[in-house]
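Down below is the structure, laid out as structure tokens.
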Amino acid sequence: PLDGIGFQAHVSLKFDDPAKLASFAKNMQRFADLGLEVHITELDIRLGDSSPASLAAEAKLYGEITSLCVQQPSCKLLQTWGFTDKHSWIPGFYKGQGWALLWDDKYQKKPAYEAVADALASNVMLDVSFEILAFIAIRDNCVEIISVRDGIFHGSLIKAPCFAGSGYVILYGQ
């Protein structure tokens with residue numbers, strides 16, 4: 001039996017269109033109506049430059065996508081495909097583009113980080129605030145838990161052998 005579905009979300013700022021976002025929400029609902037758990041996987045939002053305007057637009061779209069997930073009861077996971085622009089796959093595949101993740105290439109949080117955190121906090125029914133706590137990074141045949149406190153990269157906590165592949169999962173909580 002099939003228990004869930006993952007939506008890969010490698011997008012550009014062109015995805016920030018009311019019709020596209022409504023279609024995305026309707027597709028999540030369509031699979032939820034089938035009784036499936038929904039995951040947004042491999043989320044990244046590529047940019048053509050790192051200007052303040054582009055970073056603000058990226059943050060807005062990250063917030064909108066995060067809100068769509070949190071507002072959909074069947075959406076149980078929001079996963080980015082990387083955590084820092086320093087190691088993003090985007091520049092290698094989209095010439096002249098990048099800046100797609102929540103931290104820049106110097107491990108400093110970007111406006112997109114705040115947008116995700118705000119969307120998580122504002123869409124929760126309880127009166128609590130949420131913080132992105134850590135990322136589980138699976139790359140180069142190892143698992144790495146990357147510590148983040150107050151939006152600041154604090155280094156790797158654990159490295160362990162694992163399977164071949166690549167992926168990142170955002171863990172968030174109080």
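Observations, loosely collected:
- Checked against the criteria, Phe93 counts as aromatic (Phe, Trp, Tyr) and exposed (fewer than 14 other Cβ atoms within 10 Å of the Cβ).
- Count - residues of the stretch 56-86 that are hydrophobic (A, V, I, L, M, F, W, C) and open to solvent by 30 Å² or more (accessible area, probe 1.4 Å): 6
- Residue check for Glu114: crowded, with 17+ Cβ neighbours inside 10 Å and among the acidic types (Asp, Glu): no
- Residue list for the stretch 21-57, restricted to those being at negative phi and in a strand (DSSP E or B): Glu37, Val38, His39, Ile40, Thr41, Leu43, Asp44, Ile45, Arg46, Leu47
- The stretch 31-55: number of residues that are aliphatic (A, V, I, L, M), open to solvent by less than 10 Å² (accessible area, probe 1.4 Å) and out of contact with any Lys or Arg (no Cβ under 8 Å at 6 or more places or on another chain): 4
- Test: residue in the stretch 134-142 that is at positive phi and at pLDDT 75 or above: no
- For the stretch 96-111, a residue qualifies if it is surrounded by 22 or more Cβ atoms within 10 Å (Cβ to Cβ), among the aromatic types (Phe, Trp, Tyr) and either part of a loop (DSSP other than H, G, I, E, B) or in contact (Cβ under 8 Å) with a residue 60 or more places away in the chain (or both), and exactly one does: Trp99.
The values are calculated or read from the model by the stated rules, or taken from the named source; none is laboratory data. Since this is a predicted model, take the numbers as computed values, not measurements. Glycine also receives a Cβ, built like all others from the backbone with ideal geometry; neighbour counts cover every protein chain displayed. Surface areas here come from the heavy atoms of the whole protein model, side chains and all, with no ligands, DNA or RNA. Shrake-Rupley method; radii C 1.70, N 1.55, O 1.52, S 1.80 Å.
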